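The values are calculated or read from the model by the stated rules, or taken from the named source; none is laboratory data. Owing to the predicted nature of the structure, the values given are computational and were not obtained by experimental measurement. Cβ placement follows ideal geometry from the backbone for every residue including glycine, while neighbour counts extend to all protein chains displayed. These area figures cover heavy atoms from the full protein model, side chains too; ligands, DNA and RNA do not enter into them. Shrake-Rupley method; radii C 1.70, N 1.55, O 1.52, S 1.80 Å.
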Amino acid sequence: MFWIVIVAVTASFHELWRDEAQVWCIARDCNFLEMLNMARIEGHPVLWYIIIFPFAKSGFDVSIMQILSILLNTAAVFILLTQSNLSRFQKIITVFSAGLLYYFPIIARNYALIPVSLFLISLFWEKRQKYPYVYTALLILLSQTHSYMLGLYLILALLFITENKNKFIFSSIILFINSIYLFFWFKSGAEINYALHTISGNTLPFPKLIIFLSQIYLFDIVNTFKPLIKYAVPFSVISFIPFIAIYLAALFKENKKIFIILAVSISFVLHVFSTVYFNGILYQKLFLIILLLIFGFTLQKENKNKLMIYSLNILLIISCFSSFIQVKKEIMYNFSGGRETAEYIKQNYYNETVFIAEGNPYLYSSVSAYLPNKKFYSPIIRDYISYYTYNPKIQNVPFPNNASIFITDEKTDLNELGLKAVFESNNSNLSSQSEREIFKIAVRKTNSH
């Protein structure tokens, strides 16, 4: 109950950031086939989009997406508390760790699907021979949660197929077909996503990646106790890497099959993280690794290895510190300027027919999600937008010269455009400059409003 209260209160303060809002705007403003194509271009499986689609089309408020995220993680927490082999102490520090208290339920993304999928698979792990089709369905469900889970899906599917060989042939065929489908789905999307092409040569070397993840893991502790900042790198590496290594080494001794599952799945997450998503403060990726460690822990019938227990406990205890820091920041500061900007538009300019969206068109979905009947004209795309595609096609819709209301990001030079600001959203709680969403509403200097 305490967990639900904290999550619900925190979610009520949460403003959608651009990647959360992007999915809602796509589901709301596209037909079904267009939505599937957009999911492919963005490099995601379709399940989260399909779940959101009927709610977006039925006129629900965007907050329903946050409610769904909370419900999914409530189911995950229920399974963990009632069915897992974790000790009572481990259950408490797991549900109050940063992943399950904040990042997965509060950030309304397809990450929300991952915990419940993992815990359901762990529930049927020992029963996979008895319920092969249920287990097969759960593996396919996992493959449709997020691209980060593809490594885990593939190793679990491969093990299941090789374990049974001539048994459960239908399950094996389904898993094989699903794997082929996923390959072409992501391959075709990557080929036309220009953003992936621009960053493909910026791979983060593995040692730097580990240091970066370590710093993220202890960012809140180091940032809270300011004297530690100058020791951030050595302190974070010493506190993070050994416990992961100890856990995996002990697991290798205890259960080599589960060790292989975790080694493959974590390596896949790190590979994708280093090649695509290494920029910005991306905590969710780090807590995916911790969630995978919990998943591996729950796959075993008994957990008596004290090295595994202590190392996992320490990782989760430090994570609990981070979770409450994030909850505090969420309540005190804006996560995004989107909702605040949308409210200003509703109160002052909602009857205006045309808004000009100056600057990066990717930014404005977090405003558009709260304005169901509004689209912004983008001079870059030369079309009206509510979301952005990584495969943009420049249109020929003429610039609406009679437009007098502009929405801009903080990098736009208003003087150069002959504009003056009438509103600016508050700073968000994201410290990375590239992650900030500060919006301005501006009018032409000759406008007397």
> If only one of Phe104, Phe96, Phe60, Phe55 is open to solvent by 50 Å² or more (accessible area, probe 1.4 Å) and at pLDDT below 95, which one is it?
Replying inline: Phe60
>> So the check is Cβ under 7 Å with 6+ separation or different chains; which pairs have a first residue in the range 304-323 that's among the hydrophobic types (A, V, I, L, M, F, W, C) and a second one that's modelled with pLDDT of 90 or more and not in a helix (DSSP H, G or I)?
In response: Cys320/Phe96
>> Which condition from (1) open to solvent by 10 Å² or more (accessible area, probe 1.4 Å); (2) at pLDDT 95 or above is the one that Trp48 breaks?
In response: (1)
>> Which pairs turn up if I take residues in the range 108-124 that are touching a residue at least 60 places away in the same chain (Cβ under 8 Å) and look for partners that are open to solvent by 10 Å² or more (accessible area, probe 1.4 Å) and not in a helix (DSSP H, G or I) with beta carbon separation below 7 Å, at least 6 apart in sequence or on another chain?
In response: Asn110/His44
>> List the helices (runs of 4 or more DSSP H) inside the range 141-223, counting only whole elements, that have at least 2 residues being more than 19 Å from Ser267 (Cα to Cα), open to solvent by 80 Å² or more (accessible area, probe 1.4 Å) and modelled with pLDDT under 75.
In response: 194-199
> For the range 356-374, how many residues are out of contact with any Cys (no Cβ under 9 Å at 6 or more places or on another chain), touching a residue at least 12 places away in the same chain (Cβ under 8 Å) and assigned to a loop (DSSP other than H, G, I, E, B)?
Replying inline: 7
> Residues of the range 340-371 being crowded, with 22+ Cβ neighbours inside 10 Å and either over 18 Å from the mean Cα position of the chain (by Cα) or more than 14 Å from His14 (Cα to Cα) (or both), which ones?
Replying inline: Thr341, Ala342, Phe355, Ala357, Glu358, Leu363, Tyr364, Ser365, Val367, Ser368, Tyr370
> For the range 314-339, which residues satisfy the criterion of being surrounded by 17 or more Cβ atoms within 10 Å (Cβ to Cβ) and under 20 Å from Lys91 (Cβ atoms)?
Replying inline: Ile314, Leu315, Leu316, Ile318, Ser319, Cys320, Ser322, Ser323, Val327
>> Among (1) buried (at least 24 other Cβ atoms within 10 Å of the Cβ); (2) within 20 Å of His146 (Cα to Cα), there is one condition Ala75 misses while meeting the rest; what is its number?
In response: (1)
>> Every residue in the range 1-18 that is over 20 Å from the mean Cα position of the chain (by Cα), at pLDDT below 90 and either open to solvent by less than 70 Å² (accessible area, probe 1.4 Å) or not aromatic (Phe, Trp, Tyr) (or both), please.
In response: Met1
> Pick from the range 107-130 the residues that are among the basic types (Lys, Arg) and more than 23 Å from Gly151 (Cβ to Cβ): which of them is most open to solvent (accessible area, probe 1.4 Å)?
Replying inline: Lys130
> Do you know which residues across the range 56-65 are over 20 Å from Leu142 (Cα atoms), touching a helix residue (DSSP H, G or I) at 6+ places or on another chain (Cβ under 6 Å) and touching a residue at least 24 places away in the same chain (Cβ under 8 Å)?
Replying inline: Ala56, Val62
> Of the residues that sit in the range 19-45 and are among the aliphatic types (A, V, I, L, M), open to solvent by 10 Å² or more (accessible area, probe 1.4 Å) and without any contact (Cβ under 8 Å) to a residue 60 or more places away in the chain, which one is farthest from Ala75 (Cα to Cα)?
Replying inline: Leu33
>> What are the pairs with Cβ atoms under 9 angstrom where one residue, in the range 405-433, is in a loop (DSSP other than H, G, I, E, B) and open to solvent by 20 Å² or more (accessible area, probe 1.4 Å) and the other, located anywhere, is modelled with pLDDT under 85 and of a type in the set (Asp, Glu)? Sequence gap at least six, or different chains.
In response: Glu410/Glu437; Leu430/Glu437
>> Just the residues that are in contact with a helix residue (DSSP H, G or I) (Cβ under 9 Å, 6 or more places away or on another chain), not charged (D, E, K, R) and not in a helix (DSSP H, G or I), please, taken from the range 335-355.
In response: Phe335, Ser336, Gly337, Phe355
